[in-house]
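Below: one structure, written as structure tokens.
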Amino acid sequence: MDYNFEKEWLLALERRFNMQATEIAHITLSGRPRMLIFYFADFPAKGMLTAVTGGLSNASHPDWVHGKPELSFTLKTTDRGWGKGAAYLAQEFFGKRPFSYQSCFALHMPMSGDSAMNACFVHRPQFMDKEQVKFELQDRTIYLAGLFPMHDEEIAMYESKGLEAFWNTPGFHPYDPTRASIAGK
């Protein structure tokens, strides 16, 4: 039987999350490999949506020594645009950026229809511990990287204050895609 990364990745996610994906979609930018998006509605809590990419780990990057990333958004939303935003970032920077923790990304348009946020930073998904983000598949090790939405005007503040100070700024809510900008606080 031929190895199927996409199927093995989906099964690994479903086992770890203890639920089946509620939807599977994909996007393909011109000249880039297809990127799957696995959606888990009402996960990790009711009213939340988790979207996970499937395909970024097919790329290579010199910084990926112990494993490769796949990206995820977990937010209080039903807007599947966030999953498409994660897949877009994965395709746009496929093999170019390592998606290491604390790195930032910005787009020229909002990431979804329910928010004006057009940027994000990378960190461990908050509902998972360090061991849970590691997935050992047949042909690769994947580390699930969480994307946290932000307004592009917050990037300079994030980079100057650092993750912990930014995270603890009044008004920052990691799961709220409709929060107001905290730039200048």
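Does Glu70 satisfy being buried (at least 18 other Cβ atoms within 10 Å of the Cβ), charged (D, E, K, R), within 17 Å of Lys7 (Cα to Cα) and touching a helix residue (DSSP H, G or I) at 6+ places or on another chain (Cβ under 9 Å)?
Yes, satisfied.
Quick one: is Gly95 in contact with a helix residue (DSSP H, G or I) (Cβ under 6 Å, 6 or more places away or on another chain) and surrounded by fewer than 16 Cβ atoms within 10 Å (Cβ to Cβ)?
Values: in contact with a helix residue (DSSP H, G or I) (Cβ under 6 Å, 6 or more places away or on another chain): no; surrounded by fewer than 16 Cβ atoms within 10 Å (Cβ to Cβ): yes.
In short, no.
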### Query
Quick one: which strands (runs of 3 or more DSSP E) sit completely within the range 108-185 and have at least 1 residues that are in contact with a strand residue (DSSP E or B) (Cβ under 8 Å, 6 or more places away or on another chain) and polar (S, T, N, Q)?
141-150
### Query
Tell me, which residue of the range 65-103 that is assigned to a strand (DSSP E or B) and among the hydrophobic types (A, V, I, L, M, F, W, C) is nearest to Leu144 (Cα to Cα)?
Leu71
### Message
Scan the range 1-19 and tell me whether some residue there is out of contact with any Ser or Thr (no Cβ under 9 Å at 6 or more places or on another chain) and of a type in the set (Phe, Trp, Tyr).
### Response
yes
### Message
List the residue pairs whose Cβ atoms are under 9 Å apart, where the first residue sits in the range 139-156 and is in contact (Cβ under 8 Å) with a residue 40 or more places away in the chain, the second is of a type in the set (Asp, Glu), and the two are 6 or more positions apart or on different chains.
### Response
Asp139/Glu8; Ile142/Glu70; Ile142/Glu136; Tyr143/Glu70; Leu144/Glu70; Ala145/Glu70; Pro149/Asp176
### Query
Out of all the residues in the range 127-137, is one or more crowded, with 18+ Cβ neighbours inside 10 Å, closer than 18 Å to Trp9 by Cα and free of Cβ contacts under 8 Å to residues at least 40 places away in the same chain?
yes
### Query
Of the residues that sit in the range 151-178 and are of a type in the set (Asp, Glu) and either touching a Ser or Thr at 6+ places or on another chain (Cβ under 7 Å) or surrounded by 15 or more Cβ atoms within 10 Å (Cβ to Cβ) (or both), which one is farthest from Ser103 (Cα to Cα)?
Asp176
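Throughout, read-outs are computed from the coordinates displayed, never taken from laboratory work. Note that the structure is a prediction, hence the values are computed from the model and not measured. Quick reminder, even Gly has a Cβ in these numbers, built from the backbone with ideal geometry, and neighbours come from all protein chains shown.
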